[in-house]
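Below you'll find the structure, written out as structure tokens, and then a few comments.
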Amino acid sequence: MNSPIDPPPSHLLTLLFGARNDTYMGDFKFRFSTCLNLLARNLEKIGRLADVEVLVVDWNSDVPLHTVLPLSREARQLVHFIVVPPEVARPAQKDSPFPIPIVQNVAIRRARGQFIAQTDSDILFTGSSLRTLFDVIDGRVAEVPIHASLMVASRRHMPFQQILRKPSLDEIDAYLARNASVFPKEEFFPGFATPSALAMVHRDHWRNCRGYDEQLIYWGWMEIDLYLRLTQRMPWYDLAGFGVNLIHIEHYTAPRSAAANPRKMNPTAVSKTFEVNDEEWGLADMALEITRGIVNAESEPNSPDEDTETVRKSMTDPSLQRFLNEFAQAAKLPGDQFHMFIPVAWYARSRFPRTYVEIGVRYSAAAAVVAHGCPGVEIYGVDSWMEEGGASNLQSWASSNAIAYAGRHQNYTRFVTGDPSTALTRLFDAAGAPTSVDLALVRTDPVFGDAIQNAMMLARKLGVGGAVVITGRTLQEFGPAWSVLRREFPNWVGIIVKSNSGEAQTGIAIKPR
């Protein structure tokens, strides 16, 4: 059906997204469907699914998004797609690759929510944040004049590595519960209320100001222009101050700059008026199709398994050596342990582990390498910090400091102390324990418990494509645990890395994908 212009309100809230069926920032369809499916599931959990309308403006897709986007049952009920086909989109966008103001305005003109909020296709909404958002909208936060305010939400950044393994919604929910508080927060530019994860005002204000300025079709300023016009007449609030903590899936690996990311920029002139655009803003003169999603696409097949020689060759890649050498120099890593660092660094940088378990974390250099190679990885360090005979070891602070120094993000880290013979059992039996392990390091020193028992328990906890690394100071110490692991899992890829000096050996066993 065609979407009506300025329909009467029928929902409490409209959330609007702009999107296109392309490869933006990698696997866009997985990123976007994950955001929509998590949003819908958490709305249903808090009983507010019927209060929300989600509009996706599908701009200039050769193959419409609604035909290929994998949506859950709840999301298909919630989401409507406004299709702006190439024959309409391309003349409107001129030489802009994606004219954000026009895209947003298309949805604003057709939204049926009392409140209308713009958000992005890589924002994760937790259940607690949605519950708090509705507390604000419903007037249960008395100090906020919700009908006469611009509400924005500052954002925290989830490391992009943690989405590359395509976690399930359950895994994402659990990961955010443990980690969201330590994600870095992006600060606003003073007075501009940007960059934000959401901008919400009452529908009347959107219509009175005529949305985003459709002259600003290039990069930057369009949201600042809108906020400066709105704040001519009303205050702004950061919803994070009330507990609406929205999570942005990071997609940059280096600082953003115009030199590194050249784009045609919008002028940064401050508007003198509250109102912009003409009466046809938001393509009001166009009869655009509005439709629901029609598929729940099957999961993509797993990546092919790598054979032993492929893995061995990739562990000698010059980029891995540079990474280790540069980090070793900066962090003063012990040179005699490079045989151990190579497999954990390779896995961290190529397989992007979500969970890492280390037996003997007092020697924290390996954990530091993993934290630096894969920001946002969850670290579970097992150590009694006791020497043989029961004397206390004073290296616990050193372990915490090493992980903090190494992580380009803060990492959720849990230390499991006490009796080493029961440590792993206590870890996995506890409430909220990780359901699977991606990468584990087992030291065979007897002070850390039975190495064979530890290796086998961790091997059985590995997720698809996970790996166990075993390291020993001598062949006699290393050999028994490695032999048992290889015997029990003969189809796993297994590679031994010997130290350049001495008898120390390290082996990595990789579960098939």
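The values are calculated or read from the model by the stated rules, or taken from the named source; none is laboratory data. Keep in mind it's a predicted model, so treat the numbers as computed, not measured. Here Cβ is always computed from backbone atoms with ideal geometry, including for glycine, and neighbour counts include all displayed protein chains.
Residue-level check: of (1) surrounded by 16 or more Cβ atoms within 10 Å (Cβ to Cβ); (2) under 30 Å from P167 (Cα atoms); (3) modelled with pLDDT under 95; (4) among the hydrophobic types (A, V, I, L, M, F, W, C), I294 misses just (1).
Here's a check for you: in the range 50-79, which residue that is of a type in the set (V, I, T) and assigned to a loop (DSSP other than H, G, I, E, B) is surrounded by the fewest Cβ atoms within 10 Å (Cβ to Cβ)? For the range 50-79, the residue satisfying everything is V63.
Filtering V464, V447 for residues that are of a type in the set (V, I, T) and over 20 Å from R312 (Cα atoms) leaves a single hit, V447. Checked against (1) within 22 Å of D450 (Cα to Cα); (2) surrounded by 21 or more Cβ atoms within 10 Å (Cβ to Cβ); (3) in contact (Cβ under 8 Å) with a residue 60 or more places away in the chain, V361 passes all but a single condition, namely (3). Considering the conditions (1) at pLDDT 85 or above; (2) on the phi < 0 side of the Ramachandran plot; (3) of a type in the set (A, V, I, L, M, F, W, C), L283 is excluded by exactly one of them, (2).
Quick grid of which residues meet (1) at pLDDT 95 or above; (2) in a helix (DSSP H, G or I); (3) in contact with a Lys or Arg (Cβ under 9 Å, 6 or more places away or on another chain); (4) not assigned by TED's automatic domain parsing to the domain that holds K166:
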residue: Y347; (1), (2), (3), (4): yes, yes, no, yes
residue: V357; (1), (2), (3), (4): yes, no, yes, yes
residue: Y363; (1), (2), (3), (4): no, no, yes, yes
residue: A368; (1), (2), (3), (4): no, yes, no, yes
residue: Y380; (1), (2), (3), (4): yes, no, yes, yes
residue: S400; (1), (2), (3), (4): no, yes, no, yes
residue: Y405; (1), (2), (3), (4): no, yes, no, yes
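Counting only residues that are modelled with pLDDT of 95 or more and surrounded by fewer than 20 Cβ atoms within 10 Å (Cβ to Cβ), which one in the range 206-220 is farthest from E275 (Cα to Cα)? Among them, the one singled out is Q215.
Is one or more of the residues making up the range 233-240 within 25 Å of L283 (Cβ to Cβ) and either touching a residue at least 60 places away in the same chain (Cβ under 8 Å) or β-branched (V, I, T) (or both)? Among the residues of the range 233-240, not one is within 25 Å of L283 (Cβ to Cβ) and either touching a residue at least 60 places away in the same chain (Cβ under 8 Å) or β-branched (V, I, T) (or both), which makes the answer no. Residues of the range 246-260 that are at pLDDT below 95 and surrounded by 11 or more Cβ atoms within 10 Å (Cβ to Cβ): I249, E250, H251, Y252.
Here is the figure for the range 453-480: residues that are buried (at least 18 other Cβ atoms within 10 Å of the Cβ) and over 34 Å from the mean Cα position of the chain (by Cα) total 3. On the given criteria, is V442 aliphatic (A, V, I, L, M) and under 19 Å from A368 (Cβ atoms)? Spelling it out, V442 is indeed aliphatic (A, V, I, L, M) and under 19 Å from A368 (Cβ atoms).
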